[in-house]
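Some notes on the structure that comes next.
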Amino acid sequence: MKNLFFLYFFKKIFLYFILFLSFYFFESFSFIFSFYKEFKRDFEKRSGFLIHFKYFFVPLWNIYSFYGYLLSIPIRLTKIIIGLIVHSFVLIFLFLIYSLWLILPWSLLLNNFFKFYRI
């Protein structure tokens, strides 16, 4: 009877450990990725970042004159550059957060290991 209890106990600990690893590594990545997708969708909705790529040489306010073209190209170029900067900052920030999320448990384990064994 005792052996069954210990077997059940260790199976449950192993199961919870596997579930924790699955959550920590896979589900956290899917959370960060879904956050990025939502940000990208909302940012595109507000700024029209990809639309400015598609219609780069089309005048903004349907003014098909020389001045319409002259005004629309720098405005669209500015919006494209700002969009690229914002996208790259958010992508780098999320990459750094996820890298920290992955490195943190290993650094804590190694730090405590070296403190305990004085290596």
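Conditions tested, residue by residue: (1) under 22 Å from the mean Cα position of the chain (by Cα); (2) without any contact (Cβ under 8 Å) to a residue 40 or more places away in the chain.
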position: PHE9; (1), (2): no, yes
position: ILE13; (1), (2): no, yes
position: LEU19; (1), (2): no, yes
position: SER22; (1), (2): yes, yes
position: PHE33; (1), (2): yes, yes
position: LYS40; (1), (2): yes, no
position: ARG46; (1), (2): yes, yes
position: PHE57; (1), (2): no, yes
TODO: Go through the range 1-47 and give me each residue that's of a type in the set (Lys, Arg), out of contact with any helix residue (DSSP H, G or I) (no Cβ under 8 Å at 6 or more places or on another chain) and within 30 Å of GLY83 (Cβ to Cβ).
DONE: LYS37, ARG41, LYS45, ARG46
Task: Qualifying positions in the range 23-46 - surrounded by 11 or more Cβ atoms within 10 Å (Cβ to Cβ) and of a type in the set (Gly, Ala, Ser) - done: SER28
Open item on the list: Can you report the number of residues in the range 52-74 which are in contact with a helix residue (DSSP H, G or I) (Cβ under 9 Å, 6 or more places away or on another chain), surrounded by fewer than 14 Cβ atoms within 10 Å (Cβ to Cβ) and not in a loop (DSSP other than H, G, I, E, B)?
Closed with: 1
TODO: Look at LEU50 and say whether it is under 24 Å from PHE20 (Cβ atoms) and free of Cβ contacts under 8 Å to residues at least 60 places away in the same chain.
DONE: no
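Taken together, the values in this text are just the output of simple stated rules run on the coordinates, not laboratory data. Source: prediction; values computed, not measured. So basically every Cβ, Gly included, is an ideal-geometry build from the backbone, and we count neighbours across all protein chains shown.
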